[in-house]
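Asks: Here it is, the structure, as C-alpha cells.
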C-alpha cells in the first residue's frame, strides 16, 4: 500500500510529467487558454492514461518485446477514439475548442512514455497508481496554468460560457497572456518558480546538516 | 482566385501565419529536445519535412480510397493514420539505409523519433480529414492542396526550429539568472520569438 501511495505521489510531485519530465508539453501550452477546456483535456488524458496503463500492464507478459510499441499505440489509439467520439457527442462546445488536440492525445509523449517506462514493467496495481498520479499531475498543472492565463489575460474566468469570477472593472487585460506567446512565457516563469523551490529546498537541507 | 495564387497563399499561411511550432504548439518535443545543437536541428528539419509530406500523401490515399468507401473513417481514423504513418516511417528507414545511404546518414537517426511526433500526425489529419483544419474549410483538401499544405507546414517547422536553435547556441554563453537556467530561459526565448509571429496573425484572412 505504501508503494502504491509513493507511486501516486511520484507522478503528482517528484516526477510531475510537465514540470519535471517535460513530456506532454504541446497540449498543455496550446489548451491552457481556458480553464474549462483544460479541465476536460486533463480528464481525457487521465482516462487514456489509466485505461492504457491498465490494459498494457495486464498483458505485459503476453506482448512480445519486439512489437511492443505498435501494440501500445493500438491500445492507446482505441481509448483515444473512445474519448474523441464521447466528447464529440456529449460536449460539442468543448470539442470545438479542443479540436485536433483530442486525436493528438494518441501521439502525446506522456501516454506512450508511461506505457513504455512504467506499465510495461510493473504490476497492474502500481500501474494504475502511476496513471492516476501522472494524470492528476498533468491536470493540476494545466488547469493552474489556464487559471492564471484566463483570469489575468481576459479579466474573468468562464465556465460553460458564463463568467464565474471577474476582476474589477477597468483591469487592463493583457491579451498577450491568452495569445500563443503567453503560453511559452507563463510556462517559462512557472518553471523558474519550480527551480527556485528546488534551490530553496537544497539550501534548507544544507542548513539542516 | 487562380489556383497558383491560392496554393502560394496556402503555403505561406501554413508556414508563417499558422506556424506549427510557435503559434500552434504542435511538435514541441523536438523543438526543445534537439534545438541545443544547430547541426542536429538541420537533420531534424529535413527528416520532418520528408516524413510529413510522405505521410500526408499516404494518409490522403488511405482516407479517400480505403476508409471513406468502407464508411469507417469517423471512428477508425486515429488508429489507421498512426499505423499508416508508423509503417511508412519504418519502410522509409529501411529503404534509405539500403539505397540512399548519404541521406540516411544525415537524417536516419531522427526517423524513428518522428513516428510519434505530433506534428506529422496533426498535419496529416488536418489535411486529410474534414472538420479539423484551422481555416475551417467545409471540405477536405484535394491531393495537390494537401501536399502544398504539408510542405508549407514543414517549411514553417524548419524556419522556427533553425532560428530557435541558433538563438539557443548563443544562449549557452549568456549570463542567465540561476533559477532561469536550462529550460526555463528556453521557454521565455521561445515566447519572445513567437511574439514576432503575432504580427502575422490574420494575414490573408487565415
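Every read-out reported here was derived from the displayed coordinates using simple, explicitly stated rules and does not represent laboratory data. Just so we're clear, the structure is a prediction, and the values are computed from it rather than from any experiment. So basically every Cβ, Gly included, is an ideal-geometry build from the backbone, and we count neighbours across all protein chains shown.
Asks: How big is the equivalent ellipsoid of the protein assembly as shown along its three axes, where each semi-axis is √(5λ) from the Cα gyration tensor, reported in whole Å from largest to smallest? It would help to have the intermediate numbers written out before the result.
Replies: On the way: eigenvalues 194, 148, 115 Å².
Equivalent ellipsoid of the protein assembly as shown: 31, 27, 24 Å, largest first.
Asks: Oh, and also: To the nearest 500 deg cm²/dmol, what mean residue ellipticity at 222 nm is calculated for chain B from DSSP H runs of n ≥ 4 alone, each contributing -39,500 (n - 2.57), summed and divided by the residues?
Replies: -21500 deg cm²/dmol
Asks: Just to be sure I understand: with springs between alpha-carbon atoms less than 10 Å apart, which residue in B:194, B:45, B:154 has the highest mean-square fluctuation in the Gaussian network model of chain B?
Replies: B:194
Asks: Give me the Kirkwood hydrodynamic radius of the range A:2-208 in Å, from all C-alpha pairs, to one decimal place?
Replies: 18.1 Å
Asks: Go ahead and collect, in residue order, the members of the range B:165-206 whose backbone nitrogen is under 16 Å from a label point 7 Å along the Cα-Cβ direction of residue B:3.
Replies: Nothing falls inside the zone, counting backbone N under 16 Å.
Asks: How well do other chains shield peptide A:95-106, expressed as the mean number of their Cβ atoms within 10 Å of each residue Cβ?
Replies: Partner Cβ neighbours, averaged per residue: 4.
Asks: Something else: For B:121-127, what's the mean count of beta carbons from other chains sitting within 10 Å of each residue's beta carbon?
Replies: That works out to 3 on average.
Asks: In the P(r) worked out for the range A:88-169, what percent of Cα pairs fall beyond 15 Å?
Replies: Details: 2367 of 3321 pairs.
Tail fraction, whole percent: 71.
Asks: Which percent of the Cα-Cα distances in the range B:14-100 go past 22 Å?
Replies: Beyond 22 Å sits 42 percent of the P(r) for the range B:14-100.
Asks: Something else: Expressed as cubic angstrom per residue, what is the convex hull volume of the alpha carbon set of the range A:30-141?
Replies: 87 Å³
Asks: Equivalent ellipsoid semi-axes for the range A:1-78, as square roots of 5 times the alpha carbon gyration tensor eigenvalues: give them largest first, rounded to whole Å. Don't skip to the answer; put the middle values down first.
Replies: On the way: eigenvalues 124, 66, 29 Å².
Semi-axes (√(5λ), whole Å): 25, 18, 12.
Asks: What translational D, rounded to a whole number of µm²/s, comes out for the range B:24-205 from Stokes-Einstein when the hydrodynamic radius is the Kirkwood one over Cα pairs, at 37 °C and 0.692 mPa s?
Replies: The Stokes-Einstein estimate is 186 µm²/s.
Asks: Within 10 Å of each Cβ in B:70-81, how many Cβ atoms from other chains are there, averaged over the peptide?
Replies: Averaged over the peptide's residues, the number is 4.
Asks: Right, another one. Hey, how many Å between the Cα centroid of the range A:152-209 and the Cα centroid of the range B:63-79?
Replies: 42 Å
Asks: Could you order the peptides A:66-78, A:196-208, A:30-42, A:136-148 from most to least packed, using the average number of other C-beta atoms within 10 Å per residue?
Replies: The most tightly packed comes first, giving A:30-42, A:136-148, A:66-78, A:196-208.
Asks: Roughly what angle does helix B:3-12 make with the longest principal axis of chain B, taking Cα atoms, 0 to 90 degrees, to the nearest 10?
Replies: Here the helix axis deviates by roughly 40 degrees.
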